[in-house]
Amino acid sequence: MKHNQEESASAKVNRFCGGRAIDIEALWQLIRSEAELIRQHEPQMRGLLDDVVLQRQNLGDALAARLARKLAREDMKREELAPLLAGLFDQHPALVCSAAKDLIAIHERDAACDSPLQPLLFFKGFLAISTYRISHLLWQHERRALALYFQSIASEVFSVDIHPAARIGCGILLDHATSFVVGETAIIEDDVSILHEVTLGGTGKVSGDRHPIVRSGVLIGAGAKILGRVEIGECAKIGAGSVVLSDVPAHVTVAGVPAVIVGVAKEDAPALDMDQRI
C-alpha cells in the first residue's frame, strides 16, 4: 500500500510539470546516488548529506530541509520552518516540478556544475529562486506578510532580492546570482539564463506595470540593467554591463549604455548555449 501511495505522489508531481517531459523520480535517485558516493569519501559531510538527502523521501523533502538549514533565524527557527516548507512542497507539487527543471537547467548549462546534487547543496542561485517560489506561492494565497519575510531573508542570505509578486517561469539559471534584483511587476518566462548583478527594475512610477518582461530563451549578461516596462524578445542576448531602456526584438544581440542592437544572436536559444560573446 505504501509503495502505491509513493507512486501516486510521484505521478501527481509529474502531472504539474507540463511542457518538456522530466522524470523527477529518476532525478531524485541520481541526486541520492551522488550523495551516497560523496558520503563515502568525505566523512565530514555525512551530517549534511544525511540530513538533506539520504534521510529524505523525495526531492521536495530534500529541498525543504536544505532551505530550512539556510533560512532559519531567531525570528523563525528551523523547528518551525522545516515543517512549513515541507508542507508547502507536499501540497503544491508544481513547486517541486519547478525546482527539478531549474536543477536540470543548471546542470546542463553551467560548465562548473558536475551533477544536480551540487546546486541543491551549494549554489545560492538555485536556493534563492527556490525561496522566491515559496514566497510567490504565499503571495498568491494572500499570505503576504510571510511572503515578504521570505523575500527579506533570501536577500540577506543569498544577496538576491526578488519581489514575491514577480512572475518567473521554470528552467531558470541564476549563475552566481549575487546582487540579482527583480521588481514587483517583472515577468521572466521559461528557459532564461541570468548572470550576477542583473537588475530588472522600474522607472520610478508609483504603481502599475513598471518592470521588464523577459521572454523565453534570453541570456542576460553580468551587470546588465533592464529598466521600465520594456520587453526582451524571445531568444535575445543582452551584453554584460548593458543598460536597456527600450524594447529588444527577438533573436538579436544588444550591448552598450544605452543598449543598441549590435548583431543577430547566432544561437537558436542563447540561454541554453551560455555564450556571452557579442
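The values are calculated or read from the model by the stated rules, or taken from the named source; none is laboratory data. The shown structure was predicted, so the numbers you read here are calculated from the model rather than taken from an experiment. Cβ placement follows ideal geometry from the backbone for every residue including glycine, while neighbour counts extend to all protein chains displayed.
How many of the residues in the range 181-211 are in contact with a helix residue (DSSP H, G or I) (Cβ under 7 Å, 6 or more places away or on another chain) and of a type in the set (Asp, Glu)? Before you say what the answer is, go through the steps one by one.
Narrowing the range 181-211 to residues in contact with a helix residue (DSSP H, G or I) (Cβ under 7 Å, 6 or more places away or on another chain): 191-193.
Remaining after also requiring of a type in the set (Asp, Glu): 191.
Counting residues in the range 181-211 that are in contact with a helix residue (DSSP H, G or I) (Cβ under 7 Å, 6 or more places away or on another chain) and of a type in the set (Asp, Glu) gives 1.
How many residues does the range 225-239 hold that are in a loop (DSSP other than H, G, I, E, B) and crowded, with 24+ Cβ neighbours inside 10 Å?
Of all residues in the range 225-239, those in a loop (DSSP other than H, G, I, E, B) come to 228-230, 233-236, 239.
From what is left, the residues that are crowded, with 24+ Cβ neighbours inside 10 Å are 236.
Residues that pass the stated criteria total 1.
Any residue in the range 76-89 that is assigned to a loop (DSSP other than H, G, I, E, B) sitting within a Cβ distance under 8 Å of a residue that is of a type outside the set (A, V, I, L, M)? List the pairs, counting only those 6 or more apart or interchain.
The qualifying pairs are Met76/Tyr149.
For the subset of the range 183-224 comprising residues that are modelled with pLDDT of 95 or more and of a type in the set (Asp, Glu), which member is surrounded by the most Cβ atoms within 10 Å (Cβ to Cβ)?
Among them, the one singled out is Asp191.
Is there a residue in the range 44-58 that is surrounded by 12 or more Cβ atoms within 10 Å (Cβ to Cβ), over 23 Å from Ile24 (Cβ atoms) and of a type in the set (Lys, Arg)?
yes
Within the range 139-174, which residues are buried (at least 20 other Cβ atoms within 10 Å of the Cβ), in the same structural domain as His107 (by TED's automatic domain parsing) and within 19 Å of Gln91 (Cα to Cα)?
Trp139, Ala147, Phe150
Under the condition of being within 24 Å of the chain's Cα centre (by Cα) and exposed (fewer than 13 other Cβ atoms within 10 Å of the Cβ), which residue from the range 240-276 is farthest from Ser193 (Cα to Cα)?
For the range 240-276, the residue satisfying everything is Asp268.
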